[in-house]
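Visitor: Handing you a structure now.
Read-outs: derived from the displayed coordinates by stated rules, not from any lab. Quick caveat, the model's predicted, so the values are computed rather than measured. When we count neighbours, we look across all protein chains shown, and the Cβ atoms used for this are built from the backbone with ideal geometry, even at glycine.
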Amino acid sequence: MSRHVLVIGGHGKIAQLLTPILLKRSWTVTSMIRTQEQAATIEALGKGQAGKLNVLVSSLEDVQDEAQAKSILDKVKPDYVVWSAGAGGRGGPDRTLRIDRDICINFINAAAATPTVTRFLLISYVGSRRAKPSWWDGAAWDAAQEVNNGALKTYYQAKIASDEALYRASRARRDFAGINLRPGTLTTEPAGAIELGKTATSRGQSSRATVAEVAALLLEKGGVKNCWLDLLDGKDDRQAAVDRCVKEGVDAAEGEPVFTEK
């Protein structure tokens, strides 16, 4: 079944890998980018593809509230939304919080308030959590905390808030699947086998190409529900891992405060 996907942060590395995968499925992709100078790079991704590619030049930093995010969704009319945007550490802590937290949450809530949008896939990271999961050992949790309280402190604050916002929005609307895909340290390796769901550790790598492939599989897969899915390079076939996680209802949010909220 063909779908229309709005990819927010379309010029990002993962987004540029994801876009042609979706187009190859004969889907429509609207790639939202920051400047006109980025357009030629994105337009090249659509050449020779079965699907239709639209390029939307619209800076995230102009989105001041949920109503403005909703106006973009109303204009594009997507079935699914992918958030692959971020400040990327540029512009200081305030910009990171504004883009990775505030604007992201505006789009999450706007999507949840749009009945025709039925999936929102957010790319986060494996260590974004408030509590030690039962399936990690102490060393894995210590490593995650070292990152979250150190070099990525502001980024962590932004991502955990967005992760929780998506989880709440998805729980509140049964036909709206909030898919939180949470890779490890990103690399430029080719797509390969994976460990998906409740990974054995927080320490590991994830190929960007793999993240894009798994994101596409999750968007395509029927029956996906509200979930956090941690992703590391591993030994499992990608399709088989996605099928298992969906069938078993795997949710790595288990153990988090947001998991038990009512």
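Visitor: Work out the FRET efficiency for A39 and K247 from their Cβ-Cβ distance, taking R0 = 45 Å, and round it to the nearest 0.05. It would help to have the intermediate numbers written out before the result.
Guide: Details: r = 40 Å, r/R0 = 0.89.
It comes to 0.65.
Visitor: Still on this structure, I have one more. Through the Karplus equation 6.51 cos²θ - 1.76 cosθ + 1.60, θ set to phi - 60°, convert the phi angles of the stretch 178-193 into ³J(HN,Hα) values in whole Hz; use x for Gly and Pro.
Guide: Computed from phi, the couplings for the stretch 178-193 are x, 9, 9, 9, 10, x, x, 5, 6, 10, 9, 5, x, 4, x, 6 Hz.
Visitor: Using a Förster distance of 30 Å, how high is the FRET efficiency between E146 and K225, based on the Cβ-Cβ distance and rounded to 0.05?
Guide: Values: r = 32 Å, r/R0 = 1.07.
Calculated value: 0.40.
Visitor: If r is the Cβ-Cβ distance from A131 to E61 and R0 is 35 Å, what FRET efficiency results, to the nearest 0.05? Walk me through the numbers on the way to the answer.
Guide: Details: r = 32 Å, r/R0 = 0.93.
E(calc), rounded to 0.05, equals 0.60.
Visitor: Taking the Cα atoms only, what angle lies between the long axis of helix 238-248 and the longest principal axis of the chain, rounded to 10 degrees?
Guide: Roughly 70 degrees between the two axes.
Visitor: Tell me, how many Å apart are the Cα centres for the stretch 80-95 and for the stretch 201-262?
Guide: Computed from Cα coordinates, the inter-centre distance equals 21 Å.
Visitor: Figure the gain on full extension for Q68 and T187 (residue separation times 0.36 nm, minus the Cα-Cα span) and round it to one decimal in nm.
Guide: Working: separation 119, 0.36 × 119 = 42.84 nm, distance 3.39 nm.
Roughly 39.5 nm would be gained on extension.
Visitor: Follow-up question, since we're still on this one. What ³J(HN,Hα) values, in whole Hz, does the Karplus curve 6.51 cos²θ - 1.76 cosθ + 1.60 give for the stretch 108-118 when θ = phi - 60°, with x put for Gly and Pro?
Guide: Listing the rounded values in order: 4, 5, 5, 5, 5, 8, 10, x, 7, 8, 10 Hz.
Visitor: In the Gaussian network model of the chain, springs joining C-alpha atoms below 10 Å, which of C104, C245, C227 carries the largest mean-square fluctuation?
Guide: Residue with maximal mean-square fluctuation among C104, C245, C227: C245.
Visitor: Additional query: Please report Rg (one decimal) and Dmax (integer) in Å for the Cα set of the stretch 21-111.
Guide: Expressed in Å, the Cα Rg and Dmax of the stretch 21-111 come to 13.9, 41.
Visitor: Return one number: the angle in degrees, 0 to 90 and rounded to the nearest 10, between the long axis of the Cα atoms of helix 66-76 and the longest principal axis of the Cα atoms of the chain.
Guide: In the chain, helix 66-76 runs at an angle near 50 degrees to the longest axis.
Visitor: Enter the angle in degrees (range 0 to 90, nearest 10) between the Cα long axis of helix 208-220 and the first principal axis of the Cα atoms of the chain, meaning the one along which they spread out most.
Guide: Helix 208-220 sits roughly 80 degrees off the main axis of the chain.
Visitor: Given T28, V57, A111, which one lies farthest toward the positive end of the charge dipole of the stretch 1-114, if we put +1 on the Cβ of every Lys and Arg and -1 on the Cβ of every Asp and Glu?
Guide: Highest projection toward the positive end goes to T28.
Visitor: Okay, next question. Convert 25 °C to kelvin, take the viscosity as 0.890 mPa s, use the Kirkwood radius over C-alpha pairs of the stretch 25-174 as Rh, and evaluate the Stokes-Einstein diffusion coefficient in µm²/s, rounded to a whole number.
Guide: Answer from the Stokes-Einstein relation: 145 µm²/s.
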